[in-house]
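Heads up: the structure comes next, in structure tokens.
Just so it is clear, none of the values below were taken in a lab; they were calculated from the coordinates. Predicted model only: the values in this text are computed from it and were never measured. Positions of Cβ are backbone-derived with ideal geometry, glycine not excepted, and every protein chain shown enters the neighbour counts.
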Amino acid sequence: MVYGSPTWNNRAKVKKTIAKDSEFWSRRDKKTKATKLKKYGNENYTNVALVKETKLKKYGDENFNNRKKARETNSKKSPEQRLAEIERGLATRRKHLEEDPTLKDKILQKSIETRKKNNGEDYTGRAKCWRTCRDRHGVDNPWQIESVKEGIKQHNLETYGVEYYSSTKECREKVATTCMRDYGHPCYFGSEEGKAKLKDKNLSEHGVEYSWQREDVKEHIRETNRDLYGVDYPAQNPEIRKKWQKRYTFDGITFDSAPELAFYIWLRDHNIAFEYQPTTSFSYEFDGKIYMYEPDFKVGEKYYELKGDHFFDESGKMINPYDRTQDTKYEAKHQCMMDNEVTILRSADYNRYVKYVEMVYGENYLKNFKN
């Protein structure tokens, strides 16, 4: 016994040797598959029965998995190490898919065949899960079990100080970072891919690009508003309108609304040159008098105006939701905007900027600047 231990293994030296040989793992995998194919007739052969027998003898459980030790090992790794492991795994998958583009379908088909063989022709993992949950707990999903929901809330309160992890700043930052890395925007549905996917889905299922354009959604909103405020639109309620008329002060500038402030923050964060309430004005005539209109923003050489949906009727004409006798005047101003190529950002347009601020700075960030 040269090294003082019958199980001695110079792991450090082995790791260094492997690190110098970039083809080591691929050669090992090929050799292992060749041996299994020659010995058992299957390059992916695993003696499941023997594995279970060994686990049962050694640990008293044929399905033993030392998750605790795995968690302890992973907890010692830095975020960079874990990210590197994920990237290596993804690189390996991409390499296999490049070698065989049908590999994903083959794996899926083999999984389906195995499940059908072991559990019956109508078997699916989800269906079995539903049946088990119904039999044991009377619900379709484990997350619907009251004890599970309470356990999750308690864990989140002890760990993060809130009932739902998704409401933590840490979670929002992770989501924003991942979306920015993968899609170029902190919110998936704010990216070009996300917006296109959402539009395609709405068009295929409902014939409109945005859900708020659906007649059933509009009517549902009006019904809800009538139940809550007694009017079709919240802005028509004097008390609500009084609350909404509060302004916001940020960077020493007073903004008329939260969406305007959110658009301002988004432009600033993305280093885009702009002016808020530029000195430019456009004239329009109404009832024999000349009025001046000033847009909200000038971005580059384009002008922008932010207007909520309650300022437009179903035909797209501009109205005054607070005083309908002024509708004609408002439509004259609307025509002035269009004649001067002012881009109007409505609710569906400016909500992306509000969501950006909420994702990056927190859900209540804008409220901090309300006067």
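A few comments on the model shown:
- Counted over the chain, the DSSP beta bridges are approximately 85% antiparallel.
- In the chain, helical runs assigned H by DSSP with n ≥ 4 each contribute -39500 (n - 2.57); averaged across all residues and rounded to the nearest 500, the mean residue ellipticity at 222 nm is -18000 deg cm²/dmol.
- Counting only Cβ charges, +1 for Lys and Arg and -1 for Asp and Glu, the dipole size of the chain around its Cα centre is about 3780 debye.
- Rg and Dmax [Cα atoms of the chain; Å; Rg one decimal, Dmax integer]: 30.8, 108
- Long-range HN-HN contacts of H185 with modeled amide H, under 5 Å: M180
- Distance-filtered residues of region 334-356 - backbone nitrogen under 14 Å, label point 7 angstrom along K317 Cα→Cβ: 334-335
- Look at the dipole of the chain built from charges on Cβ: of H185, I265, F250, the Cα furthest out on the positive end belongs to H185.
- Top positive-direction residue, dipole computed over region 246-369 with Cβ charges, set Y330, G308, V357: V357
- Residue-by-residue Karplus 3J(HN,Hα) for region 185-192, coefficients 6.51, -1.76, 1.60, Hz, glycine and proline x: 8, x, 10, 4, 6, x, 7, 4
- Residue separation of D61 and E209 scaled by 0.36 nm, minus their Cα-Cα distance, works out to 47.8 nm of gained length.
- Förster radius 22 Å - calculated FRET efficiency between D135 and R115 (Cβ-Cβ, nearest 0.05): 0.70
- Residues whose amide H falls under 5 Å from that of L306, counting only those 5 or more places apart or on a different chain, are D296, L345, with hydrogens built in the peptide plane.
- Distance between the C-alpha centres of region 323-347 and region 54-75: 68 Å, rounded to the whole angstrom.
- Ranked by the mean number of other Cβ atoms within 10 Å per residue, highest first, peptides 350-356, 272-278 order as 350-356, 272-278.
- Potential lengthening between M338 and T102 on full extension [0.36 nm per residue; Cα-Cα distance subtracted]: 79.7 nm
- Using alpha-carbon coordinates, inclination of helix 103-119 to the longest axis of the chain, degrees: 70 degrees
- With Cα atoms, 0 to 90° folded angle of helix 125-137 axis to the chain main axis: 80 degrees
- Violating pairs (Cα-Cα greater than 26 angstrom) within the set K307/K370; K68/K104; K52/K110: K68/K104
- The residues neighbouring D309, those whose beta-carbon lies less than 11 Å from its own, together hold a net charge of 0 under the Lys/Arg +1, Asp/Glu -1 convention.
- Estimated FRET transfer efficiency when R0 is 41 angstrom, pair S26-K195 (beta carbons, to 0.05): 0.50
- Computed lengthening from E72 to R324, 0.36 nm per intervening residue step minus Cα-Cα distance: 84.1 nm
- Contact order for the chain, expressed relative to its length and based on alpha carbon pairs under 8 Å spaced 6+ residues apart, stands at 9 percent.
- Degrees separating the helix 48-59 axis from the principal Cα axis of the chain, which is the longest one: 90 degrees
- For region 267-275, the Karplus equation 6.51 cos²θ - 1.76 cosθ + 1.60, evaluated at θ = phi - 60°, returns couplings of 4, 5, 5, 9, 6, 9, 5, 7, 10 Hz by residue, with Gly and Pro reported as x.
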